[in-house]
Amino acid sequence: MAQISSALTPAFAADSSPELASEAVNVCAAFIATGIVTDVDRMGRILKTLVTALENFSTESEVASIGDLKGLSSNAQVMVKMAVFSAWAELQVASTEQKYLVDVLKPYIGTLTPLWLASLREFARLRFEPDISMSLGPPSLSGSLDSIYSALNRETLLRFYQDSWLKLVDAIASLIEQDSEFVFNALDGKEADAPSTNGNSKGNDINYRDEPVAFFFVLFGIAFEALVAKPGSEALASKGQTLEILQALKKILHPSVSGHAIYREAIFSETMDLLDRLVLTEGLDVQTVIVQIARSLCISHPSATKADVAEGEDLSEDIEQLFELTRIIVLVLAGLLPNLIEAQQPARHQLTEEAITLVRVSLNALVDAAEVFPSIIKTDLHACIIHIFATILGTGSCQAVVVPQSLPIFKRFITSISASHKTQKPKHNTSIIQLQGCLKRFLSIYMNAQKRETEVSLPCVKNSLLASTLLLSSGTNHLSASEPLVTRFLDELVDCLSDRMTAKVAANCIRNLLLITPKTPAGQSIARYLLPLLITFSTNTATEDPENARALTLHALTAFVVSLEGKQRAVAMSVIVPTLLKRANGDGEKVWKETNARLLEMAAADPTAFRAVVGGMTPEQKVFMEGVLVKGKEGGRGKADDADDGGREPTIALRMDFGG
């Protein structure tokens, strides 16, 4: 480190130049940020150089210097000052990942934040004021020499700010993300004491303010201008910096910074036009940030953060803005998913790993938005989301990865819809109608896939079963077996138990449907409909069962019995115990071990009910069950089985006098 310090010393000598000193400042910051030395006390002269430079340029002075380099012109001072502020900004951004830098910045961050903001304000003034003054007419002859000089030097000064502005914005944005209270004071132009730590958080209570902070329009204006401007000499940034600027903009649009300013009609429409263009012209990394911005603006929208509105209240502008934000997200999905907008429409992007991640982010964003939409317009967004999920389910290229990754999001979405069911009038319950329509589309996709015409047909069949099961088992189910669509699906599901290609998936789906919680009347009607079908399937031992579907089904039925309470459990047990024994008799001793395990499960769950069932058996049935229990236990003498059954054995003690 001593060699680096020695090598940098000449850059700050009296005969050096502002350009060389500026580059040396950048080297100092780069070295500290590398992590070669993480102890503040060992950073020596390199850190001291940055600290001294900050102290020299933190106050307005005509004789500011760095090291022995003195007598700088006003322009040279700006060059070096921006290099110093930019170097510290880089350290602040790096501190979000390199935690040792928090200690480096701690004593100075309170000084730096207002300096960064003041520099950005000066940059905005230099950048935009000439345009403003020209729009007001030619300058008066009485204009001061200072303003004339400023105009002549504008291009020179702008170059210095041009190289640094994004680093300063990134630094401010990182502090906003850390929710540091002092940065909000600085953004509001308030004097504040230096913070004790980089992350002196305001806590979890986000300040959803109406008015933006004082510096919002400076930060927003610079970032917006940089994204809007065409590449060229007048552009604020290069095309390669779009992602970085958008990430900073996302943080600037934090509700504690922007307030409701972003929702002002002129600002909002311009922002949406910009995001529209970027979605169509930029890559997936940029589109990911755009989705995050749109989601955040939805969730923070004034109509989303206030109590639900009364009927008749004018929400036209709010509705338009919310739909604009969700349209942006759908536009992103349309570029990733074929057939979403029009049939036979190809996607603009290949379904790479990055694209699949973006699909997941976009779907989550839409579901999050739907949860905060005012109830009077939720229905439209729900219909849109259902269409998207159905399109994904029916698209061949999505079966392997996209559908499995979207199913957990679909589950969350259905849970959200079922929750909104309570707030709707029974006669006009659009939630039920939409869920019925969704099941109808899923069944249509399933029936088409069952033709097995392509290599993706089988995965589509399995995915359709899973999606339809989630539709009936997520949240609080209100679709009962009295619905023809539901019974049709249940019939298809049970039929799939006999197909070796779908048996395991169907068995797992059935288990989920039997164990739905909470146990609503609709869910119980599904269980009642399934029970006779499953008993018939499980006891039909004349057919082959290569996928062990009968065992899986009986395991699910046993779990169903255990999940019940009181009389319901006793009644169900009186049906399932004979079913287990009938299947054990038909399939022979090879299934006695698993039958033994199922019987013990029920006996352990409710010994009284189990004894009552055994008491009602014929002597022949009791003898047969005794054989199943004894030989089933003998068949499981391995270590694993001993461990598995050991906990249950004392409960029943293998006594055969259950009827006594």
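Using C-alpha pairs below 8 Å separated by at least 6 residues, the relative contact order for the range 434-485 is 42 percent. Applying 1/(1 + (r/R0)^6) with r as the Cβ-Cβ distance of residue 567 and residue 495 and R0 = 25 angstrom yields a FRET efficiency of 0.20. Compared with the direct C-alpha span, the chain from residue 96 to residue 156 gains 18.3 nm at full extension, assuming 0.36 nm per residue. Angle of helix 430-449 to the longest C-alpha principal axis of the chain, folded into 0 to 90 degrees and rounded to 10: 70°. A full extension of the chain between residue 345 and residue 27 corresponds to an added length of 109.3 nm, given 0.36 nm per residue minus the alpha carbon distance. Put a plus charge on the Cβ of each Lys and Arg, a minus charge on the Cβ of each Asp and Glu, and nothing anywhere else: the dipole of the chain about its Cα centre is then about 2660 debye.
In the structure shown, do any of 70/190; 48/250; 590/622; 99/250; 462/631; 411/593 have a Cα-Cα gap over 28 Å, and if so which? From 70/190; 48/250; 590/622; 99/250; 462/631; 411/593, over 28 Å: 70/190; 48/250; 462/631; 411/593. Peptide packing: for 593-606, 563-576, 464-477, the average count of neighbouring Cβ atoms within 10 Å per residue gives the ranking 464-477, 593-606, 563-576, highest mean first. For the peptides 26-39, 509-522, the ranking by packing is 509-522, 26-39, with the highest mean count of neighbouring Cβ atoms within 10 Å listed first.
Remark: 387, 478 ranked as 387, 478, counting other beta-carbon atoms within 10 Å and listing the fewest first.
Here is how the number arises for the chain: DSSP H runs of 4 or more residues each give -39500 (n - 2.57), the sum is divided by the residue count, and the result at 222 nm is -21500 deg cm²/dmol.
Going from the residue with the fewest nearby Cβ atoms within 10 Å to the one with the most, 68, 41 rank 41, 68. Other residues within the sphere of radius under 11 Å centred on the Cβ of residue 284, judged by their own Cβ, net out at -3 (K and R +1, D and E -1). Between the helical axis of 457-473 and the longest alpha-carbon principal axis of the chain there is an angle of about 90 degrees.
Applying 0.36 nm per residue to the separation of residue 542 and residue 177 and subtracting their alpha-carbon distance, the gain on full extension is 124.8 nm. Between the amide H of residue 259 and those of 209, 213, distances stay under 5 Å, these residues lying 5 or more places away or on another chain, with hydrogens modeled in the peptide plane.
Taking every C-alpha pair closer than 8 Å and separated by at least 6 residues, the mean separation divided by the residue count of the chain gives a relative contact order of 6 percent. How much FRET efficiency would the formula 1/(1 + (r/R0)^6) give for residue 55 and residue 230, where r is the Cβ-Cβ distance and R0 is 45 Å, rounded to 0.05? With R0 = 45 Å, the Cβ-Cβ based efficiency is 0.65.
Each of 22, 6 was scored by other Cβ atoms within 10 Å of its Cβ. Arranged with the fewest first, they read 6, 22. Across the range 374-475, Cα pairs under 8 Å and at least six residues apart give a relative contact order of 37 percent.
The calculated FRET efficiency for residue 68 paired with residue 42, based on their beta-carbon distance and R0 = 25 Å, is about 0.50. Extending 7 Å from the Cα toward the beta-carbon at both residue 277 and residue 163 defines two label points whose distance is 2.9 nm.
Nearest 10 degrees, 0 to 90: what angle lies between the long axis of helix 109-135 and the longest principal axis of the chain (Cα atoms)? Value to nearest ten degrees: 70.
Of (i) 34.6, 118; (ii) 30.9, 101; (iii) 29.4, 90, which one was derived for Rg and Dmax of the Cα atoms in Å from the structure shown? Recomputing Rg and Dmax of the Cα atoms in Å here gives the entry labelled (i).
Values quoted throughout were computed directly from the atomic coordinates according to the rules given, and no laboratory measurement underlies them. Since the model is a prediction, treat every value here as computed from it, not as a measurement. Glycine gets a Cβ as well: all are built from the backbone with ideal geometry, and neighbour counts include every protein chain shown.
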